[in-house]
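Chemist: Quick one: this structure, given as structure tokens, is what I'll be asking you about.
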Amino acid sequence: MIWAIVSGEKVEALPKTKGICPACQEPVFSKCGETNIWHWSHFKKTDCDLWNEPESLWHKQWKLTFGKDNNEIRIDKDGKWHIADVLTNNKVIIELQNSLISKTTIREREEFYGERMIWLINGASFKQNLIVKDFWEDEDYRMIKSLPQKPVRWIRKKPEIIKGKNDQFFDWKRPRRSWIAVERHIFIDFNCDKLFWVKEGMGTNQIRGTYIAKTDFIKKYGGNYEYYNQHSPCPL
Ligand SMILES: [Zn+2]
């Protein structure tokens, strides 16, 4: 968590400080070491939202890009609650994902947050496994069928999409298979100024998508691009 309530104010972690978690109202203490980014930690781990990931610089910069009042927001639904990483003014939830995640957790989160949720995942640790594929330049669908690798479902079902001019295809070595369960829009962050919006094949050996400028993404969801640009940990 990057926020806690100290003397009635929502503040970032400061050395040797105690506060209250704005989500569960339990006491927290600051962790301000030299390796990890400064954050707040619960005295008892089970007190709060178990979906929370360890805080990283990547998380923090994205959260702060959307403003102090739009991140780490408690969402209550059907007697349960979770902390959304980002809740935009237009009520879109952006879930930031840095580490591995199971299929079950992906499904649970999507069901809990509903349709107005998107994923933004940090691709820095696996971008070297994605290899650009340029077969579509031939505009020949048969070539794909002759590939030694079994075509993935989107190629068989919708050959016409292969001619999408802005589409980019990747071969993904050792894909993170759990993402096959994803049903919401998903954006991968592995580039300083663009996001890769995955349209099909997430979690398989072949993915199709398109690059979008981070500035457009941030603007669309009401964030502050200038802030992001000044603070983003580029090169990723
Ligand atoms: Zn808490």
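Chemist: Step by step: first the residues of region 41-96, then only those that are aromatic (Phe, Trp, Tyr) and more than 13 Å from the chain's Cα centre (by Cα), then the one that is farthest from Tyr221 (Cα to Cα). Which residue is that?
Modeler: Initial filter on region 41-96 (aromatic (Phe, Trp, Tyr)): 43, 51, 58, 62, 66, 81.
Add one more test, that the residue is more than 13 Å from the chain's Cα centre (by Cα), and what stays is 43, 51, 66, 81.
Numbers: Phe43: 34, Trp51: 23, Phe66: 8, Trp81: 23 Å.
The qualifying residue farthest from Tyr221 (Cα to Cα) is Phe43.
Chemist: For region 5-13, check the following and say yes or no: at least one residue is under 20 Å from Lys63 (Cβ atoms), more than 16 Å from the ligand (Cβ to nearest atom), modelled with pLDDT of 95 or more and not hydrophobic (A, V, I, L, M, F, W, C). Steps first, answer last, please.
Modeler: Step one: of region 5-13, the residues under 20 Å from Lys63 (Cβ atoms) are 5-6, 9-13.
From what is left, the residues that are more than 16 Å from the ligand (Cβ to nearest atom) are 9.
If we keep only those that are modelled with pLDDT of 95 or more too, we end up with 9.
From the residues that got through so far, the ones that are not hydrophobic (A, V, I, L, M, F, W, C) too are 9.
Yes, some residue in region 5-13 is under 20 Å from Lys63 (Cβ atoms), more than 16 Å from the ligand (Cβ to nearest atom), modelled with pLDDT of 95 or more and not hydrophobic (A, V, I, L, M, F, W, C).
Chemist: One residue is enough: does region 16-25 have a residue meeting the conditions surrounded by 14 or more Cβ atoms within 10 Å (Cβ to Cβ) and more than 16 Å from the ligand (Cβ to nearest atom)? Can you show your working first?
Modeler: Kept after step one, since they are surrounded by 14 or more Cβ atoms within 10 Å (Cβ to Cβ), are these residues of region 16-25: 17, 19-24.
If we keep only those that are more than 16 Å from the ligand (Cβ to nearest atom) too, we end up with none.
No: region 16-25 contains no residue that is surrounded by 14 or more Cβ atoms within 10 Å (Cβ to Cβ) and more than 16 Å from the ligand (Cβ to nearest atom).
Chemist: Then there is this: Condition test on Ser30, is it of a type in the set (S, T, N, Q), buried (at least 17 other Cβ atoms within 10 Å of the Cβ) and within 16 Å of the ligand (Cβ to nearest atom)?
Modeler: Criteria met by Ser30.
Chemist: Let me ask another. Can you find a residue in region 132-150 that is assigned to a loop (DSSP other than H, G, I, E, B) and modelled with pLDDT of 65 or more? Show your work before the answer.
Modeler: Step one: filter region 132-150 for residues assigned to a loop (DSSP other than H, G, I, E, B), giving 134, 139-140, 146-150.
With modelled with pLDDT of 65 or more added as a condition, the list becomes none.
No, there is no match, as no residue in region 132-150 is assigned to a loop (DSSP other than H, G, I, E, B) and modelled with pLDDT of 65 or more.
Chemist: Which of the strands (runs of 3 or more DSSP E) contained wholly in region 1-101 include at least 3 residues that are among the hydrophobic types (A, V, I, L, M, F, W, C), assigned by TED's automatic domain parsing to the domain that holds Ile180 and in contact (Cβ under 8 Å) with a residue 24 or more places away in the chain? So that I can check it myself, show each step before the final result.
Modeler: Working: elements: 4-6, 9-11, 18-20, 27-31, 39-42, 71-77, 80-87, 93-97.
The strands (runs of 3 or more DSSP E) meeting that bar are 80-87, 93-97.
Chemist: Please find, among Lys157, Lys214, the residue that is over 16 Å from the mean Cα position of the chain (by Cα) and either at pLDDT below 85 or surrounded by 17 or more Cβ atoms within 10 Å (Cβ to Cβ) (or both). Walk me through how you get there before you give the answer.
Modeler: Numbers: Lys214 fails: over 16 Å from the mean Cα position of the chain (by Cα).
Criteria check complete, one pass: Lys157.
Chemist: OK, next. Which of the residues belonging to region 175-206 are over 22 Å from Gly114 (Cβ atoms) and in a loop (DSSP other than H, G, I, E, B)?
Modeler: Selection gives Pro175, Arg176, Phe190, Asn191, Cys192, Asp193, Gly201, Thr204, Asn205.
The values are calculated or read from the model by the stated rules, or taken from the named source; none is laboratory data. Everything numeric in this text was worked out from a predicted model, so none of it was measured. A quick note on method: Cβ atoms are made from the backbone with ideal geometry, for glycine too, and the neighbour counts reach across all protein chains shown.
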